[in-house]
Structures are given as structure tokens and as C-alpha cells.
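Note sheet for the following structure.
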Amino acid sequence: MSDNIEYNAAIQRVGKNIAKAVNDKSWKWEFKVIDSSEANAFCLSGGKIAVYTGMFKYISNDAELAAILGHEVGHAIARHFGERLTQLYTQKLGGDMLSVGLALANLPNNWGTVYGMASNLGFILPYNREHEYEADYIGIMLMVKAGYNPKAAIQFWKKFSKLSNYGSLKEFFITHPMGNKRVKELKLLLPEALKMYNQNSDKLNLGKSINIQE
């Protein structure tokens, strides 16, 4: 866990507002900062959300952090973690059955490798990209409900996209949508999000500034 006072204060401050926006007391939300140079964040079953310190290099204010936390909370309330485990179990079961069948038929087991590649590219990874877009939608609506300006989500992903623009071909092999494509999809959500934001009487706009600390 990170001992960075500013980052920890920010994640608790913003996390509390996002959790309030969910308005479901059955969730026991926990928000933590992990000391790592990696620019990443994740969600675990039960509402445990973590952001790595490396991600804060791209975060300028509470609203941009809200875009990240809203996205991860979106994964949680959409039950993506459980679906992911089911996918992986299904994939493993299929691979095990194929291995047994190849052994019984006295065929080379390199077909097992082919199955692994095919199931990843054709089933596991595309479904994860679907999860990402769904979490983006839930996330931007949660940040708006919490009072944060949805335009901050666009600003954050524009900055973060510099890490993920590898070209259109590589998107086929990774779980997360490419940066420019993600920004494009979020811009399509902006009119709906801004309408909700303008109707919110408890606007926080961008919230507090967050200073990058080495």
C-alpha cells in the first residue's frame, strides 16, 4: 500500500462520493492506493478498488480520478469479475477435454495450443472489451451523479491514450479498447452525461486539484 498522503486522501474523498452515487448499501466499498510505477487500476469482487501510484501521473483533479473509480466500480456492479471467472473456467474445461481427446486419438498435443489461441482471440478477449465499454458507460454516469464534470473523463483518457495507441492491429490482441477509440466512444456518451450533470444541483465540477508526486 502507498503511504502517499495526498493520493490516499484523494482516493478516499472521491471514492466516498462515487460509492454514494451507487446508492446500494449491500456493497462494502474499499478504495486503496498501491505503490507501483505501473499506470493501472483494478476491481476485485465485493467492491475492492485499487489505483496504482503510476496512474496519478495522468490525473490532474478529483473529476479525472472519479472517471477511473467510476469505471472500476462499473465493473463491480455489472458483475464482470464473476463473469470473467466463469469464462476462464469454461476455457480451461474446454482445453482439458481437448487434451484428453487428443491423447485418446493419439494426435499431437500442439492442437491444444491452437485451441488456447483461438479461444482467447475469439471468445475471452473480445468479451473483455465489451466489459470495458460497459464499465465506461456506468463510470461516466456515476461520476456525473456524484457531481463531477463528465468532460474530465474525456481529458483523462486523452492523456492516458498516449500509453495505449499501438495501432489498430494490436487492439485485436489486448483486452482494453485503444485510447483514441475509447475517447470516441466516450464523446458519444457526453450529451447524455452533460444533460444529467446540468440537472445535478450538487455540482463539484473538477473538484480539488491533485499534484503529481514522485
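Read-outs: derived from the displayed coordinates by stated rules, not from any lab. These numbers come from a predicted model, not from an experiment. FYI the Cβ positions are ideal-geometry reconstructions off the backbone, even for glycines, and counts take in every protein chain you see.
Projecting label points 7 angstrom from Cα along Cα→Cβ for K16 and S209 puts them 2.3 nm apart. Remark: spin-label model distance S26-E134 equals 1.6 nm, labels positioned 7 Å along the Cα→Cβ axis.
Taking 22 Å as R0, compute the FRET efficiency from the Cβ-Cβ separation of I34 and N180 and round it to 0.05. Can you show the working numbers first?
Numbers: r = 28 Å, r/R0 = 1.25.
Efficiency computed from Cβ-Cβ geometry: 0.20.
Near K208: Cβ cut-off under 12 Å, other residues only, Lys/Arg at +1 and Asp/Glu at -1. The net charge is -2.
Among the trypsin sites (Lys or Arg not before Pro) in segment 9-51, which ones are in a DSSP loop with at most 10 other Cβ atoms within 10 Å of the Cβ? Mind listing them?
K25, K28
3J(HN,Hα) along segment 192-199: 5, 5, 5, 4, 5, 5, 5, 8 Hz, from the Karplus curve 6.51 cos²θ - 1.76 cosθ + 1.60 with θ = phi - 60°, whole Hz, x for Gly and Pro.
Label sites at A9 and M196, each approximated as a point 7 angstrom past Cα along Cα to Cβ, lie 3.0 nm apart.
Which links in K16/K145; K16/K162; K159/K181; K32/K158; K158/K187; K162/K184 stretch past 19 Å when you go from one Cα to the other? Write out the running numbers ahead of the final one.
On the way: K16/K145 13 Å; K16/K162 29 Å; K159/K181 13 Å; K32/K158 24 Å; K158/K187 11 Å; K162/K184 14 Å.
Pairs exceeding 19 Å: K16/K162; K32/K158.
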